[in-house]
Amino acid sequence: MTADRREDALDWGDPDDPSWVDPGRDEPSDDVPADEVAADEPLAPGDEGADARDGVAAPVATAASAADRRRTAVTAATGLLAGVYLAYSVGWILSIGALPLTGATLLIEVMYQFGEFLAIIACALWFGTVMALTRGGRPAVRIGWLALGTLVLVPWPLLIGVLS
């Protein structure tokens, strides 16, 4: 450590260190030896996980690729559930249009229309709330709350009308 600890806090290592990896660099530079560049070439179709050049088994999947697949799956599930919530909102709009109410008093009509409005925006509110409250948390918790919302927010008037 140097005398100034603030300088050490901002230092992430020596770029000249051979173990230092630049994740933004896709292609090898001129300072990489030719034998290391050749080791990055894809395997032949018959190699099946073993590197034919030196007989050492090549890793089949890395932790970074598994994390990327997991992140992609969570994103796909979140997108799918967002589509379900959008379909639910459309279902509530259609079912509300099919069930008009004329109340005995103005207060009853206003309260009913307010309930209709809340039913329409409930899907978007649930989705936004779950996304905001589970940010940085476990993906399984987020998907679980979104899945629970698909059960709670079903447009029952539309389903009952279709089933009967």
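Coordinate-derived values only; no laboratory data. Please read these numbers as outputs of a predicted model, since none were measured by experiment. We place every Cβ from the backbone using ideal geometry, glycine too, and count neighbours over all the protein chains shown.
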Name the residue farthest towards the positive end of the dipole of segment 63-163 from the options Ile120, Gly136, Tyr88, assuming +1 on Cβ of Lys and Arg, -1 on Cβ of Asp and Glu, about the Cα centre. Gly136
Rounded to the nearest 20 Debye, what is the dipole magnitude of segment 63-163 about its Cα centre when Lys and Arg each give +1 and Asp and Glu each give -1 at the C-beta? 640 debye
Mean projected area (nm²) of the alpha-carbon convex hull when segment 63-163 is viewed from all directions: 7.7 nm²
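Do you know the relative contact order of segment 63-163, to the nearest whole percent, from alpha carbon pairs under 8 angstrom that are 6+ apart? It would help to have the intermediate numbers written out before the result.
Values: 58 pairs, mean separation 41.4, N = 101.
Relative contact order for segment 63-163 comes out at 41 percent.
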Around Gly136 (Cβ within 15 Å, Cβ-to-Cβ, excluding Gly136; K/R +1, D/E -1) the net charge comes to +4
